[in-house]
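The values are calculated or read from the model by the stated rules, or taken from the named source; none is laboratory data. Worth saying up front: this structure is predicted, and the values here are computed from it rather than measured. Methodologically, a virtual Cβ is constructed for each residue, glycine included, from the backbone with ideal geometry; neighbour enumeration extends over all protein chains shown. Accessible surface areas use protein heavy atoms only, side chains included; no ligands, DNA or RNA. Shrake-Rupley method; radii C 1.70, N 1.55, O 1.52, S 1.80 Å.
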Amino acid sequence: FTFDYPIHVIANLTKDEYVIGKGDSTFCNRIENDLNDWGNIHGSPAIKFGLYFGKYGEDKSRKYRIGRNEYGTDENIALKKILFSIVELLENKDNFNVLRRNPISPMYKGKILSVYYPNDFLNIFSDQFFYS
């Protein structure tokens with residue numbers, strides 16, 4: 001996974017390369033499903049990824065959806081903010097102030113950090129780690 005997605009690749013992912021809901025080979029699908037044995041982040045809705053392709057609530061149409069208000073209302077801008085936030089995590093793994101304020105959901109943040117830095121981060125995905 002980390003060879004397929006070095007930092008410079010993450011920074012330039014397209015929506016269809018990033019979101020869950022657009023096939024098996026996307027960043028989000030692979031980190032959630034291909035790496036499930038590393039740590040299970042199922043059970044939490046797709047909004048944890050910040051941007052996804054699918055349905056929401058009563059609206060059964062499948063489309064791009066933004067999962068967090070801080071990413072705005074434009075999916076292209078949201079993607080840029082999300083990718084920036086992922087890169088920020090990976091480039092600042094030792095700065096807990098950066099890790100705490102980063103807008104990526106705690107579960108997803110923990111999975112990303114543990115996959116890229118398995119000797120530094122346990123594959124336990126709880127917001128208590130970041131906020132205790």
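I'd like to verify a number: residues in region 90-120 that are of a type in the set (K, R) and in a loop (DSSP other than H, G, I, E, B), how many?
Result for region 90-120: 1.
Would you confirm, using the coordinates I've provided, whether N33 is under 11 Å from the mean Cα position of the chain (by Cα), under 18 Å from F125 (Cβ atoms) and not in a loop (DSSP other than H, G, I, E, B)?
Considered against the rule, which asks whether it is under 11 Å from the mean Cα position of the chain (by Cα), under 18 Å from F125 (Cβ atoms) and not in a loop (DSSP other than H, G, I, E, B), N33 comes out as no.
Mind checking which residues of region 60-75 are of a type outside the set (K, R), part of a strand (DSSP E or B) and exposed (fewer than 13 other Cβ atoms within 10 Å of the Cβ)?
S61, the sole residue that qualifies.
Given the conditions (1) within 19 Å of A46 (Cα to Cα); (2) in a helix (DSSP H, G or I); (3) of a type outside the set (S, T, Y); (4) open to solvent by 20 Å² or more (accessible area, probe 1.4 Å), which single one is not true for L79?
Single failed check for L79: (4).
When residues of region 1-59 are filtered for being open to solvent by 60 Å² or more (accessible area, probe 1.4 Å), β-branched (V, I, T) and over 20 Å from M107 (Cα atoms), how many remain?
Looking only at that region, the number is 1.
Out of region 67-93, which residues are modelled with pLDDT under 95 and hydrophobic (A, V, I, L, M, F, W, C)?
Residues satisfying the conditions do not exist here.
When you scan region 113-128, do you find a residue that is open to solvent by less than 90 Å² (accessible area, probe 1.4 Å), in contact with a helix residue (DSSP H, G or I) (Cβ under 6 Å, 6 or more places away or on another chain) and acidic (D, E), even just one?
Looking through region 113-128, at least one residue is open to solvent by less than 90 Å² (accessible area, probe 1.4 Å), in contact with a helix residue (DSSP H, G or I) (Cβ under 6 Å, 6 or more places away or on another chain) and acidic (D, E).
Taking only pairs six or more apart or across chains, which ones have beta-carbon atoms under 8 Å, a first residue in region 52-65 that is free of Cβ contacts under 8 Å to residues at least 40 places away in the same chain, and a second residue that is open to solvent by 60 Å² or more (accessible area, probe 1.4 Å) and part of a loop (DSSP other than H, G, I, E, B)?
As it stands, the answer is F53/K22, since those pairs meet every condition given.
Which residue pairs have Cβ atoms closer than 7 Å, lie 6 or more positions apart in sequence or on different chains, and pair a first residue in region 108-132 that is among the acidic types (D, E) with a second residue that is at pLDDT below 95?
D127/P106
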